[in-house]
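Remarks on the structure that follows.
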Amino acid sequence: MTLYPVFLLVAAATVLSPGPGVVMTLSNALRYGFRGTVGGILGISAGALVVATLSATGLGVLLATSAMAFTVLKYAGAAYLVYLGVRLWRAPPFRLEEPSCRPAGTARRFLEGLSLQVTNPKAIFFFLSVFPQFIDRSRDFGWQFAGLVLTYGGLVIAIHCGYALTAARVRGWLSSARGGRAVNRVGGAAFVCFGAALATGRR
């Protein structure tokens with residue numbers, strides 16, 4: 001996996017970008033504190049593993065037998081990253097809205113995170129179009145798949161824990177137009193750059 005460092009950057013940017021999972025983690029942190037976010041974060045990470053497994057059905061055979069399919073997936077993934085970047089750059093400032101408070105049961109938060117992630121378009125498209133181009137067709141698919149998916153799941157846990165720990169300190173900034181606009185611009189520029197790099201890069 002010679003592109004593993006690039007995968008780390010792209011996956012981290014995907015996990016960091018504002019989305020349903022980030023909103024859930026921030027909201028739980030502000031309502032219940034860090035301990036109240038653990039169940040949801042683990043659920044989001046587990047949901048990513050489920051989405052990856054479902055998306056990978058038949059993927060190893062496809063990549064091993066069709067150079068055309070790999071090329072199509074490569075450019076589709078790059079285009080998706082650029083699309084995400086442009087949409088995020090042009091989006092209204094990200095605003096954190098606090099939903100009504102409910103008891104913070106770990107099992108309940110886990111199931112909420114799991115169900116949220118398995119229906120999250122960002123995760124689905126990532127594993128369908130971006131993820132495949134980091135698989136080296138000349139090597140064993142299973143070990144590469146496991147390594148990359150576990151890396152993604154680990155990034156979800158680490159990054160969302162970071163969000164949860166800092167949520168209270170940056171509450172005012174996240175709720176401001178300036179802070180929300182900064183989140184959108186930085187995330188959007190990162191996606192466009194990664195998309196362009198992946199489209200022009202070679203294995």
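The values are calculated or read from the model by the stated rules, or taken from the named source; none is laboratory data. Fair warning: this is a prediction, and the values are worked out from it, not measured in the lab. Using ideal geometry, Cβ is built from the backbone for each residue, glycine included, and neighbour counts are taken over all protein chains shown.
Note on the range 27-53: residues that are farther than 13 Å from VAL149 by Cβ and buried (at least 23 other Cβ atoms within 10 Å of the Cβ) total 7. Residue check: VAL170 meets all listed conditions (1) in contact (Cβ under 8 Å) with a residue 24 or more places away in the chain; (2) loosely packed, with under 15 Cβ neighbours inside 10 Å but one, namely (1). Just one of (1) surrounded by 14 or more Cβ atoms within 10 Å (Cβ to Cβ); (2) within 24 Å of TYR80 (Cα to Cα); (3) at pLDDT below 85 fails for LEU148. It is (3).
Contact map, the range 188-203: first residue closer than 12 Å to LEU3 by Cα, second residue at pLDDT 75 or above, Cβ cut-off under 7 Å, separation 6 or more or different chains; pairs are LEU198/ALA78; LEU198/GLN133; ARG203/LEU3; ARG203/ASP136.
Please verify whether the range 64-87 includes one or more residues that are modelled with pLDDT of 85 or more and either crowded, with 16+ Cβ neighbours inside 10 Å or in a loop (DSSP other than H, G, I, E, B) (or both). Looking for residues that are modelled with pLDDT of 85 or more and either crowded, with 16+ Cβ neighbours inside 10 Å or in a loop (DSSP other than H, G, I, E, B) (or both), one finds none in the range 64-87, hence no. Annotation note: of ALA12, ALA48, ALA29, ALA52, the sole residue that is under 12 Å from HIS160 (Cα atoms) and at pLDDT 85 or above is ALA12. Mind checking which residues of the range 137-193 are under 19 Å from the mean Cα position of the chain (by Cα) and part of a loop (DSSP other than H, G, I, E, B)? Correct list: ALA167 only.
For first residues located in the range 144-160 and without any contact (Cβ under 8 Å) to a residue 60 or more places away in the chain and over 15 Å from VAL38 (Cβ atoms), partners that are basic (Lys, Arg) and part of a helix (DSSP H, G or I) and lie 6+ apart or on another chain with Cβ distances below 9 Å do not occur.
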